[in-house]
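Below is one structure, written out as structure tokens, with a few remarks after it.
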Amino acid sequence: MKIRILLAVLFMFTFTTVASTGATGCRQSTREDIKDDEVGPESSGPYAADLVEVTDVMVDKLKKQKISENFKARYKGEPPIIAIIRPQNDTRFPEVTQIFQEDLLTAMMERFTREQFRFSQRDSDVQSAIASEKEAKEAGERTDRTGRRTKLGADYFMKAKFSTLSMTDGQYEDDTILYTYELIDTETDELIFKGGHKIRRVSKKSAVYR
Amino acid sequence: MNIKPILALCALLALAGCQSVYDAKAAMKKGGYQQVMMDTQDLNAFPERDQTLVLNWRAHSKMALGYRDSARVDYLRAWNIMNHGDGGGVAAANWFSERQKFWMGDPYERAFNSWYLGVLYYQQGKFEDAMACFRNAIFVDTGDLKQGEFAADWLPAFVMRMRCFLTRGDEGSVKMLLEEISRLEKDKANFDPECPWLTVEAQKDANVVMMIELGEGPYFTAEGHHGSVRAMNQGDYRERFAEVFVNGQKLGTTYKIGDTFYQCITRGGRVMDDILKGKAIAKTTMIAAGATAMAVGHRVGGKGGLVAMGVGAAVLIGGLLMNAEADIRGNTLLPGETHLMMAKLPPGKHDVELRFYDANGRELRDMRQVGVPLEVPETGDAVLLARSHPRYKPGSQSQAQADPYAGLPKKK
């Protein structure tokens, strides 16, 4: 009988140890493949898959509207120059804008040739480096390519904005994220196109958390 | 049968898994923020369930010593867990100590995490990321509005969100936020309604934002039946307001825009509180029933008595193992109050002096801080986050990018 009691105590001890060292587990989701990304109750906030999805929609829009072809037809076969403006982030999720901007630029440069579109680099750090390089060239401290001192003037600005309608009832966090994007003619401020893409994510919190 | 060894073992088991979390307050007393930063260098030295809290402490200590970039990385890591994570250890928390669950922070602690991260982004010039953080700070401070629950009323997040809108030239959204603030209850326990910077004009006019933190934030204690009641206690501190001097000239007096204790106590109850109450009752019942069964079994003797003793022992062990004590982990490095000072200063380097006063208007000389660096840019804002703690050193821009553990062996 004593052995049985001892065994029972040992069982409880093992259970305590296992439970206290986290066998019950942290169910925090980690995503290694963006294709695994799902819209479901286990996740909240924008993920890489959302951004890729929106990028695809934007690139398709450029193709469908024949922006490059129309521009070239009007301006002696020269491809239009696009500058991507840093997206405006009105969601509650940080670290989204930079990845989106880089991802969009990379996707566009991969999917369009230089004969279709040209892109202007407008990042502030690059801009200041270019400005000091130009200064050095103009001062004769560095060599230049005559006639090509002028920086690319963009024909179009591509701008994106992320907004959310975020709600909570204490148990669920519900985020409807609206990705809007637009192509603006920089000379006439004409809105060439504007589109939106909506993604809803809901996450459930355990009742033991406030 | 001698049951004393079993009872002793049960007592030991009941204590299993109740190791106390790192005591950040004691570390602060010992060696200030430097001590906390060094103690928390190796995150893996702490149980996984406490790591998010430790990350917040580590981030806080780095920020306090001016290592802003490194602090931002830690705050973001904690942010991801606190906002995207599901927590963990919940099953264990339901039977054993509540402390077994993964710490995710109370709403006010999540708001502070987002807010600090936002300020660090803002100081780095990443306004869109800062904007998102301030929005999240407001979101986590909001309940189910459909059910008439609490609306966000912690002003620091509102003020910094307004600054973000102004970087976009979006005056309309600043007005909208000010209208939201004007609808809040003018409760001096929460913020000073006389704060002069809650107008569009004042916001547009200023290019310097000083958020000055005073005192110690709230802390939790386990009280009541089996410690099942989580009591919220106000931190003890003397300072009530601050005066700011720039380049030797008095700029003015700060205004309270946030009270951490107020935020802590006005967020409603927790489901866990009911679970703990139930556990406390069950624990008492099980111990009493188990002990009675064992005593009866002992008296009856024979085979039946042994069975009764066995069942009683099992029930007693269950009761002793059940831990109804409330989780008292909390971010004890948070301030008691957040004060605001805004001004318009010429671009360039300035020297800031901060003086702190008690409720009777007497200066607390041991808290006076001189030579706090402030650099106002040609365009945009300078944001200074300071604290009444004499060891809080906001540091310079060059310090911001430094590695806090430079020269020390690498740890995760």
Cβ neighbours within 10 Å from other chains - mean over B:123-130: 4
Which order do A:Asp169, B:Asp144, B:Asp170 take when ranked by solvent-accessible area (1.4 Å probe, heavy atoms of all protein chains), largest first? A:Asp169, B:Asp170, B:Asp144
For region B:340-401, one quarter of the surface area of the C-alpha convex hull, expressed in nm², comes to 5.1 nm²
For a quick size check, give me the Cα extents of region A:151-210 along its three principal axes, largest first, whole Å. 57, 23, 12
Other-chain or far-sequence residues with amide H under 5 Å of A:Arg118's (modelled H): A:Ile81, A:Ile82
Computed over region B:276-392, Cα set: Rg, Dmax in Å: 31.2, 92
Using square roots of five times the C-alpha gyration tensor eigenvalues, list the equivalent-ellipsoid semi-axes of region B:302-345 in whole Å, biggest first. 60, 5, 4
Relative contact order of chain B (C-alpha contacts under 8 Å, at least 6 apart) in percent is 21 percent
Using the Cβ atoms and a cut-off under 10 Å, what net charge is assigned to the surroundings of B:Arg267, where Lys and Arg are +1 and Asp and Glu are -1? -1
Report A:Val59's accessible area, 1.4 Å probe, all protein chains in place, as a number in Å² to the nearest 10. 0 Å²
Which of A:Leu51, A:Leu152 is most accessible, then next, and so on - probe 1.4 Å: A:Leu152, A:Leu51
Take the Cα pairs of region A:59-210, get the Kirkwood Rh, then feed it into Stokes-Einstein at 25 °C and 0.890 mPa s and tell me D in µm²/s. 134 µm²/s
For the protein assembly as shown, what is the calculated [θ] at 222 nm in deg cm²/dmol (nearest 500), taking -39500 (n - 2.57) for each run of four or more DSSP H residues and dividing by its residue count? -13500 deg cm²/dmol
Which helices of chain B meet both criteria: a Cα extent of 15 Å or more along the helical axis and a mean Kyte-Doolittle score no lower than 0.0, with helices taken as whole DSSP H segments? B:4-15, B:127-140, B:155-167, B:271-300, B:302-321
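Report, as a whole number in µm² per second, the diffusion coefficient that Stokes-Einstein gives for region A:121-186 at 37 °C and 0.692 mPa s using the Kirkwood radius over alpha carbon pairs.
205 µm²/s
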A:Ser128 paired with A:Lys76, simple spin-label distance in nm, labels 7 Å along Cα-to-beta-carbon: 3.7 nm
Could you tell me what percent of the accessible area of the protein assembly as shown is made up of carbon and sulfur, with a 1.4 Å probe and every protein chain present? 53 percent
For region B:169-323, compute Rh as the Kirkwood radius over C-alpha pairs and then the Stokes-Einstein diffusion coefficient at 20 °C and 1.002 mPa s; write the answer in µm²/s, rounded to an integer. 101 µm²/s
Choice from B:Leu306, B:Leu385, B:Leu276 showing the highest fluctuation, given a GNM over chain B with Cα pairs closer than 10 Å: B:Leu306
Shielding by partners - mean other protein chain Cβ count within 10 Å, residues of A:188-197: 0
For A:Arg142, what accessible area in Å² do you get when you roll a 1.4 Å probe over the heavy atoms of the protein chains, rounding to the nearest 10? 130 Å²
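Give the ranking of B:His389, B:His60 by solvent-accessible surface, highest area first, calculated with a 1.4 Å probe.
On the way: B:His389 40, B:His60 0 Å².
The residues order as B:His389, B:His60, largest area first.
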All alpha-carbon distances of chain B, grouped into 20 Å bins from 0, give the whole-percent distribution 24, 50, 19, 6, 1
With respect to the cross-link table entries A:Lys134/B:Lys126; A:Lys151/A:Lys194; A:Lys64/A:Lys159, which display a Cα-Cα separation exceeding 21 Å? A:Lys134/B:Lys126; A:Lys151/A:Lys194
When the Debye formula is applied to the Cα atoms of region B:37-95, each taken as the same point scatterer, what base-10 log of I(q)/I(0) results at q = 0.13, 0.17, 0.29, 0.30 Å⁻¹? -0.36, -0.57, -1.19, -1.22
How big is region B:208-275 along each principal axis, measuring the range of its Cα positions in Å and listing the largest first? 56, 20, 11
Rounded Å value of the spacing that divides the Cα centres of region B:227-267 and region B:354-411: 17 Å
Shielding of B:90-100 by partner chains, average beta-carbon count, 10 Å: 4
Tell me the relative contact order for region B:272-324 as a rounded percent, counting alpha carbon contacts under 8 Å between residues six or more apart. 47 percent
If one computes the Cα centroid of region B:192-218 and of region A:152-200, what distance in Å separates the two points? 31 Å
Taking every Cα atom in the protein assembly as shown, find the radius of gyration and the maximum pairwise distance Dmax, and write them in Å. 29.2, 109
I want the antiparallel fraction of DSSP beta bridges within chain B, as a percent rounded to 5. 85 percent
Ballpark to the nearest 100 Å², how much total accessible area do B and A bury together, probe 1.4 Å? 4400 Å²
Spherically averaged projected area in nm², based on the convex hull that wraps the Cα atoms of region B:258-304: 4.7 nm²
Dipole magnitude of chain B, debye to nearest 20 (Cβ charges: Lys/Arg +1, Asp/Glu -1, about Cα centre): 1300 debye
So, by mean Cβ neighbours within 10 angstrom, what's the order for B:341-347, B:120-126, B:50-56, B:397-403 with the highest one leading? B:50-56, B:120-126, B:341-347, B:397-403
Give the distance, in whole Å, between the Cα centre of region B:49-82 and the Cα centre of region A:64-81. 49 Å
What longest region of chain B stays clear of GluC sites (Glu not before Pro) that DSSP places outside H, G, I, E and B and that have at most 16 other Cβ atoms within 10 Å? B:195-377
Would you kindly calculate the mean projected area, averaged across all directions, of the convex hull enclosing the Cα atoms of region B:118-157, in square nanometres? 2.8 nm²
Return the loop-located trypsin sites (Lys or Arg not before Pro) in region B:352-395 (DSSP other than H, G, I, E, B) with at most 16 other Cβ atoms within 10 Å of their own Cβ; answer none if there are none. B:Arg362, B:Arg368, B:Arg391
May I ask you to list the GluC sites (Glu not before Pro) in region A:101-137 that are in a DSSP loop and have at most 16 other Cβ atoms within 10 Å of their Cβ? A:Glu115
Percent RCO, i.e. relative contact order, over region B:271-412, from Cα pairs under 8 Å lying at least 6 residues apart: 16 percent
In Å and from the alpha-carbon atoms only, list the Rg and Dmax of region B:64-157. 15.1, 47
Distance between modelled label sites at A:Ile85 and A:Lys63, nm, 7 Å Cα→Cβ extension: 2.6 nm
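The values are calculated or read from the model by the stated rules, or taken from the named source; none is laboratory data. Just so we're clear, the structure is a prediction, and the values are computed from it rather than from any experiment. Please note: Cβ atoms are built from the backbone with ideal geometry, for glycine as well, and neighbour counts cover all protein chains shown. The area values use the complete protein model at the heavy-atom level, side chains included, leaving out ligands, DNA and RNA. Shrake-Rupley method; radii C 1.70, N 1.55, O 1.52, S 1.80 Å.
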